[in-house]
């Protein structure tokens with residue numbers, strides 16, 4: 001069965017079951033159900049919760065082709081150098097999830113002492129402090145918090161951390177400049 005036919009059938013099934021889910025969310029819900037064959041129940045539940053109860057300032061949508069891959073957008077936190085920016089990230093759940101941490105990286109260029117030029121993130125819960133009790137939303141909230149409170153004492157980008165330590169005002173100005181240049185908000 002081709003994918004477009006499956007999508008059409010899922011839309012029809014939602015209509016047949018009544019209006020308990022509407023429009024876009026019904027399609028997403030059915031897409032998750034269709035993609036969830038072979039997925040652990042935990043990933044399905046976490047994805048459903050992310051869609052039903054989004055984290056403020058964060059959008060996480062599963063990829064149409066791979067339910068373990070998420071397209072994430074994080075709004076720069078207020079009163080931070082990243083305020084007003086919209087940062088694209090990718091999040092991937094490995095086969096070992098939840099026994100191993102998700103793989104997350106920034107796709108949007110960012111000036112931050114804990115994020116390197118490749119978008120890799122220095123965050124303890126993505127490394128040695130990972131616990132299966134943590135969830136995707138916990139990771140996303142921690143990344144959002146990292147944007148609010150850069151930590152130059154535990155850097156991944158040493159040059160940025162050094163600038164942050166020696167001239168914080170200039171580092172913050174550069175972070176704001178990069179945010180405007182590389183992470184502009186979507187046009188309305």
Segment 127-142: number of residues that are crowded, with 16+ Cβ neighbours inside 10 Å and either touching a strand residue (DSSP E or B) at 6+ places or on another chain (Cβ under 6 Å) or without any contact (Cβ under 8 Å) to a residue 12 or more places away in the chain (or both) = 1
Could you list all residues from segment 155-188 that are under 20 Å from the mean Cα position of the chain (by Cα), under 14 Å from residue 121 (Cα atoms) and loosely packed, with under 12 Cβ neighbours inside 10 Å?
-> none
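Can you go through 123, 118 and tell me which one is farther than 19 Å from residue 176 by Cβ, buried (at least 18 other Cβ atoms within 10 Å of the Cβ) and touching a residue at least 12 places away in the same chain (Cβ under 8 Å)?
The unique qualifying residue is 123.
Just to be sure, is residue 152 part of a loop (DSSP other than H, G, I, E, B), at pLDDT 95 or above and crowded, with 19+ Cβ neighbours inside 10 Å?
It is true that residue 152 is part of a loop (DSSP other than H, G, I, E, B), at pLDDT 95 or above and crowded, with 19+ Cβ neighbours inside 10 Å.
The values are calculated or read from the model by the stated rules, or taken from the named source; none is laboratory data. Being a predicted model, the structure only gives us computed values, none of them experimental. Positions of Cβ are generated from backbone atoms using ideal geometry, with glycine treated the same way; all protein chains shown enter the neighbour counts.
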